[in-house]
Amino acid sequence: MELELLDMYRRLYSAYGPQHWWPADSPFEVCIGAILTQNTNWSNVEKAIKRLRHATALDPESLNQMPSEQLMNLIRPAGFYRQKCWRLKAFIRFILDHGGLAKLATLETGTLRSMLLAIHGIGPETADSMLLYAWTRPVFVVDAYTKRLLARLGFLPHKVSYDQVQCLFHKHLPRDADMFNEFHALIVEHAKQHCRHVPRCHGCPLGARCIQASERGDPPRT
Ligand code: SF4
């Protein structure tokens, strides 16, 4: 499995190149983006972040003091703005109560992850996105694209838990934050370009290894 995952990584990297994630100016912005991107696409998040930046509100103190109605209005482009407002408020309260992001950065990864998961509205994907992209911790981020791709490649069944998928990467790859950063971003890019809801298998860089492609009778690729 180790060699298969490494081969997958190399093929994706060779096809798409470095992805330069996460697209943000600061660790705090990464965390805000990780909450705003729940159940929406990134272009909507970018609009909301732009509005927050324009309102000079991209810092914990400003967002903490901002009236909820104003925050909802600013993040409206990201959708579910009422729910996301409360989640942002809960996260910001957490940061301030624990002395800021830099102080939190001194915590051990498992401890920090448990604390993040205890915040209202922060699930494993959001917590791990923060850990990897804001705090550079070697934690693999699993999303729906990852599960779908691994099932199509025949690495895992279709119905698997978040932890089962994450465990596969943690068990078989070096715990390297830079590689996990790039690998997750490459999977997202691959899901956009080829392994979509209805896959575009022609020219897929993983076609030679794909169970779904071989079951469809697609010609093998090297
Ligand atoms: S061959 Fe098709 S199903 Fe398999 S990984 Fe590529 S795009 Fe996805």
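The values are calculated or read from the model by the stated rules, or taken from the named source; none is laboratory data. All of these numbers come straight from a predicted model, not from anything done at the bench. Neighbour counts run over all protein chains shown; Cβ positions are idealised from the backbone, glycine included.
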Within the stretch 142-150, can one find any residue that is in contact with an Asp or Glu (Cβ under 9 Å, 6 or more places away or on another chain), hydrophobic (A, V, I, L, M, F, W, C), modelled with pLDDT of 95 or more and assigned to a loop (DSSP other than H, G, I, E, B)? yes
Which pairs do you get when a residue that is in contact (Cβ under 8 Å) with a residue 60 or more places away in the chain, found in the stretch 104-129, comes within reach of a residue that is charged (D, E, K, R) and assigned to a helix (DSSP H, G or I), reach meaning Cβ atoms under 6 angstrom, with the pair 6+ apart or on two chains? Gly121/Arg87
If you take the residues of the stretch 152-167 that are among the aliphatic types (A, V, I, L, M) and modelled with pLDDT under 95, which of them is nearest to the chain's Cα centre (by Cα)? Val160
On the basis of being touching a Leu at 6+ places or on another chain (Cβ under 8 Å), of a type in the set (D, E, K, R) and farther than 18 Å from Gln38 by Cβ, does Arg175 make the cut? no
Considering every residue within the stretch 140-153, establish whether at least one is out of contact with any strand residue (DSSP E or B) (no Cβ under 9 Å at 6 or more places or on another chain), within 18 Å of Glu4 (Cα to Cα), away from the ligand (no atom under 16 Å from the Cβ) and of a type in the set (A, V, I, L, M, F, W, C). yes
Here the residues within the stretch 125-141 that are crowded, with 20+ Cβ neighbours inside 10 Å and in a helix (DSSP H, G or I) are Thr126, Ala127, Asp128, Ser129, Met130, Leu131, Leu132, Tyr133
